[in-house]
Each structure stands twice: as C-alpha cells, then as structure tokens.
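Worksheet: the structure to be examined is printed underneath.
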Amino acid sequence: MGYLSLVVAFIASILLTPVVKRLAFRIGAVDAPNYRKVHSRIMPRLGGLAVFLAFVIGFAVYQPQSKYSLAILLGATIIVITGILDDMYEISAKAKLIGQFAAALIVIFVGGIQVEFINLPFQGTLDFGFLSIPFTLLWIIGITNAINLIDGLDGLAAGVSTIALMTLAAMAFIMGNVFVMATAAILAAACLGFLFYNFHPASIFMGDTGALFLGFMIAVLSLLGFKSITMVSFIIPIIMLGVPISDTFFAIVRRLRMKQKWSDPDKSHLHHCLLNMGFSHRQTVVLIYGIAAMFGVAAIIFSMAKVWGAILLITVILITIELFVEIIGLAGKNYRPLLNMVRIFNK
C-alpha cells in the first residue's frame with residue numbers, strides 16, 4: 001500500500017497540474033512581471049493546489065492510522081485556502097499571518113502537537129512549560145514563511161522542499177516513525193510530479209498556495225519526527241532546512257542593517273545573489289538543490305554522531321555558512337566580519 005500511494009500521488013500531481021493551470025487563468029490567479037520578478041510574462045499561480053490535492057489522494061490511498069491525521073489535514077486545508085486567496089487577490093501580510101496562526105493552532109490543540117521539553121546534551125532537561133505553545137507556534141509559522149521566502153525561481157521552492165521531505169522521510173525511517181516517513185514521502189512524490197511543469201522554464205508557479213502548504217507540512221512533520229527528545233535531535237530539522245532558514249535569517253539581518261522593515265521584499269535573497277554572480281537561472285536552482293542536499297546529508301550524519309562529533313559538525317556548518325554568506329553578499333555587500341578577520345591574521 002505504501003509504494004502504491006507514492007505512485008498515485010506522483011501521477012495525480014502530473015495529471016492535476018494542467019487542470020489547475022487552466023483554473024488559475026480562469027479565476028485570475030496569475031503573476032504579472034515587475035521589477036522584483038525574474039519572469040517576463042504573465043504566469044499562472046495556484047500550482048500548489050495540484051500538489052495539495054495529489055497529496056490528499058496519495059494520503060487517502062495510504063490511510064495512515066494516526067491520531068495526528070485529521071489535525072494535519074484540517075490545518076493544511078486552512079493554509080491552502082489562505083494561499084488561494086493570496087494567489088487570487090494578493091491579501092495583506094497580516095491576513096496571511098492570521099491563516100497561518102489558525103492552521104498552527106488546530107495542529108496544536110486538535111492534534112496535540114507541541115514541543116514540551118528538550119533533553120539537553122550533557123545533563124538536565126529544558127522544560128518549556130507555558131512557553132511550549134508559543135514556541136511551537138513560532139516554529140510552524142517561521143518554517144512556513146521560510147519556504148515562502150525562497151520561492152523566487154522556477155522549481156526552487158518545490159525542489160528544496162522535496163529534498164527536505166526526502167531527508168525527513170529518511171530520518172523518520174532511521175527513527176522508526178512510520179507515519180512521518182510515509183507522509184513526507186507521499187508529499188515528496190506530489191512535489192516531484194509538479195516539478196515537471198515548474199522546473200525552468202516553468203509553465204506554472206506554485207504560488208503562496210504551494211509555498212505556504214509545503215512550509216506548513218515540513219514544519220509540522222519535523223515537529224512530529226523529533227518531538228520532545230534531545231537537543232541534538234531538535235537541531236536536525238534546523239540543519240535539514242538550512243537553505244530556507246539561513247536565507248530567512250540573513251534577509252532579516254540585511255533588512256535590520258539597511259533599517260528596512262523585516263517584511264519588506266527585496267532582490268538580495270540567495271538566488272538573487274547567485275544570479276548576480278553570473279550563474280544562469282537553471283544553474284542557480286541546481287546549485288541551491290546541491291546545497292540543500294548537503295544540508296540533508298549533514299542532518300543524517302548529525303543524527304548518528306556522538307555529542308562532541310555533533311558539536312564539531314555544527315561548528316563546521318556555521319563557519320561554512322558564514323563564509324558563503326559573506327562571499328556572495330547575502331547579508332549586504334559590506335557585511336564581511338569573518339573575511340576581515342582572516343585578512344587581519346594574514347597581514
């Protein structure tokens with residue numbers, strides 16, 4: 001039944017995407033080019049609806065026996081409705097946030113999914129107590145928006161999400177969590193089907209419907225996969241989602257340095273920086289896929305490492321990210337603390 005659900009989700013995505021494409025034009029869910037956009041013609045959005053429907057079909061074929069299923073599907077439906085409204089009418093950031101809050105609260109209160117405590121590496125436990133719900137809310141909304149922020153090139157968010165979901169499925173397999181493994185794999189299959197139409201040159205965008213839905217699902221599944229366990233295990237989803245998280249983090253750093261609002265859009269995200277360096281559209285996307293895959297492999301290695309090995313791996317990852325960010329100018333052209341330090345030592 002498991003393999004059948006993957007095949008069904010993959011084929012359903014391939015068959016449903018052209019239908020959703022026609023629907024997008026009919027209801028006006030289209031993306032017109034402007035100074036921030038890379039595309040030069042009117043494009044249908046709403047592709048995420050095909051991914052969502054394909055996932056639901058695959059999920060129904062699999063029929064997982066889990067107390068979380070209903071809450072996840074309800075939350076995902078609210079997120080998808082929020083995305084559809086944004087793809088059609090470009091609703092305000094506040095309205096989108098309300099939809100994300102509602103979806104996250106359903107997962108927390110109907111599904112009972114929340115991080116209550118983390119076992120610390122050497123001794124003791126960090127108990128969140130009354131902060132458990134705000135922390136879980138922050139995680140879900142943060143990851144949901146991180147995926148949304150990297151959705152700037154053909155196939156980028158869909159591909160990075162697929163890599164994250166495959167990593168999540170592999171991690172869940174190692175940990176023996178069948179529900180998370182199956183759900184992540186079904187969603188990855190739906191994404192792969194959509195990539196036939198979304199990889200450069202794309203004929204449809206996933207829109208906020210897709211970016212918010214994928215971000216929401218990855219956030220919730222990573223909570224389920226690594227719920228209430230060690231600090232080391234909780235860092236796994238952060239490493240796994242290294243591309244969207246670091247892009248979001250440095251976007252906030254960049255905007256604070258430029259004295260802009262954190263929600264102001266700009267053309268300095270990871271994909272913009274790589275395009276400015278002379279990489280083609282397709283090369284940039286494939287390069288970011290490679291970075292995402294490296295983060296995925298690092299997360300799997302990290303899960304098997306002892307505490308000191310894990311600390312060493314994190315140190316190497318953080319220094320590598322910082323150097324990469326400074327070289328490509330992700331946090332702004334004048335942001336180079338590490339490179340300046342290296343230069344001082346070399347003198």
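Bear in mind these aren't lab numbers, they're just calculated from the coordinates by the rules spelled out. Since the model is a prediction, treat every value here as computed from it, not as a measurement. A quick note on method: Cβ atoms are made from the backbone with ideal geometry, for glycine too, and the neighbour counts reach across all protein chains shown.
General observations
- Remark: the range 133-149, residue by residue, has Karplus-estimated 3J(HN,Hα) of 5, x, 5, 5, 4, 4, 4, 4, 5, x, 5, 4, 6, 5, 5, 4, 5 Hz, where x stands for each Gly or Pro and the curve is 6.51 cos²θ - 1.76 cosθ + 1.60 at θ = phi - 60°.
- Cα shape, the chain, gyration tensor, a/c 1.5 rule: oblate
- Here the range 265-336 is treated as a Stokes sphere of Kirkwood radius computed over C-alpha pairs; at 37 °C and 0.692 mPa s its diffusion coefficient rounds to 240 µm²/s.
- Sequence-separation-based contact order of the range 2-346, relative, with Cα cut under 8 Å and 6+ spacing, percent: 21
- Think of each Lys and Arg Cβ as +1 and each Asp and Glu Cβ as -1; about the Cα centre, that makes the dipole of the chain roughly 740 debye.
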